[in-house]
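In what follows, a structure is listed as structure tokens, so that the remarks can point back to it.
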Amino acid sequence: MGVSKGVVGQAITATAAIAAIAGPSLILVSGKLDRQKIVFGLTAMLIISNILSAYAPSITILLAARAILGFALGSFWAMMAALALRLVPADKVPRAISIIIMGISLALVFAAPLGTFLGGLWGWRATFLAASGIGLAALAIQVLALPKLPAMAAPGLNSFKTTLSRRSVAIGFVTAFLVMSGHFAGFTFIRPFLEEVPRLDISTVSLALLVFGLGGFMGNFVGGVIAARNPAWAVALFSLLIAGAAFALSLFGTIAGVAFVATALWGVAFGGFPVAISIWNARAAPDHAESAGALLSSIFQVAIATGAGNWRSHRRGLRLDWRNPLCGFGDAYWRDGHPRVQEAVSEEGRSTGL
């Protein structure tokens with residue numbers, strides 16, 4: 001398109017920004033529409049977004065297409081727990097939520113390398129068309145399998161107000177914000193950290209990141225099992241595991257074995273936490289599941305942006321130091337001036353437009 005990588009990277013920013021407001025917006029305007037039809041519509045938006053991206057003649061059209069994708073993704077996240085509550089018996093809800101998030105984890109692990117491979121093979125436009133084909137297959141399965149889901153009530157602003165007034169919901173939101181922002185602030189540095197501090201070779205770093213992804217699957221399953229019994233314990237456990245992994249890397253990261261194991265445990269914890277906090281949220285407000293899910297989805301998006309803000313500020317030379325134990329090792333090794341850390345952060349900034 002004749003634009004810089006940074007400008008193209010704004011497509012990612014547009015997706016995340018729209019996703020942050022999509023959930024609450026959808027819940028407010030959905031009224032008494034059948035939730036089955038809403039799911040069909042959101043999947044159709046995903047397909048349309050990819051087709052528009054594939055044929056985008058300018059960066060403006062590409063940004064618009066990614067904004068459509070952001071709305072669909074944010075809305076799916078917002079409705080996830082509410083759909084699980086409607087589709088399965090109450091005692092099966094934790095398992096249903098863990099299965100949904102396991103699907104998301106699967107996509108996160110394989111989508112990027114698959115997209116890179118297909119992009120190199122066919123080009124990025126053809127890759128977007130392939131993604132629209134996958135979306136079309138998903139829509140066909142939904143049409144065949146998803147039952148009608150008439151709205152229980154028409155959610156409004158009072159539903160959000162009631163949800164936020166509940167102490168357990170508020171505690172969950174604060175916890176989600178702190179843990180997720182801490183995770184993204186620290187994990188942004190993991191690849192250059194593994195290369196520069198314990199000095200793992202490229203193949204071992206790749207293996208460590210693969211183990212992180214596979215650990216996420218384990219965390220999805222374990223998180224569902226523990227949260228089904230006690231969501232509070234599950235949330236606390238995975239929060240502490242993320243913090244513990246970051247501390248281990250910060251204190252003993254020069255030891256290759258410790259760095260590898262800590263990365264694997266971090267993957268398990270990161271896989272388990274979204275499951276645990278989603279189950280916590282669903283149980284805290286089962287009568288306002290859509291509103292609670294929409295707000296949690298927005299909290300996640302804001303937390304991701306906040307965590308990313310740590311390395312963005314470093315890249316711009318602001319020397320922001322939150323003294324956050326979850327991102328402390330990134331802070332320390334940035335200030336030490338390791339070139340691989342600086343190179344990786346600068347490259348990530350160019351690739352995401354930040």
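The values are calculated or read from the model by the stated rules, or taken from the named source; none is laboratory data. None of these values were measured; they are calculated from a predicted model. Cβ coordinates were reconstructed from backbone atoms using ideal geometry, including for glycine residues, and neighbour counts include every protein chain displayed. For accessibility, only protein heavy atoms count, side chains too; no ligands or nucleic acids. Shrake-Rupley method; radii C 1.70, N 1.55, O 1.52, S 1.80 Å.
Table for the structure above
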| quantity | calculated |
| --- | --- |
| Residue match in the stretch 201-215 (condition: crowded, with 24+ Cβ neighbours inside 10 Å and touching a residue at least 60 places away in the same chain (Cβ under 8 Å)) | no |
| Condition check for LEU69: over 30 Å from GLY156 (Cα atoms), assigned to a helix (DSSP H, G or I) and open to solvent by less than 40 Å² (accessible area, probe 1.4 Å) | no |
| Some residue of the stretch 222-243 being of a type in the set (S, T, N, Q) and surrounded by fewer than 20 Cβ atoms within 10 Å (Cβ to Cβ) | yes |
| Test: residue in the stretch 125-135 that is of a type outside the set (Lys, Arg), open to solvent by 60 Å² or more (accessible area, probe 1.4 Å), farther than 23 Å from LEU28 by Cα and in a helix (DSSP H, G or I) | yes |
| Selected residue (criterion: modelled with the highest pLDDT) from residues of the stretch 12-49 that are open to solvent by less than 50 Å² (accessible area, probe 1.4 Å) and more than 13 Å from PHE71 (Cα to Cα) | PHE40 |
| Matching residues in the stretch 162-199 - criterion: being part of a loop (DSSP other than H, G, I, E, B), closer than 16 Å to ILE304 by Cβ and either among the basic types (Lys, Arg) or under 15 Å from the mean Cα position of the chain (by Cα) (or both) | THR188 |
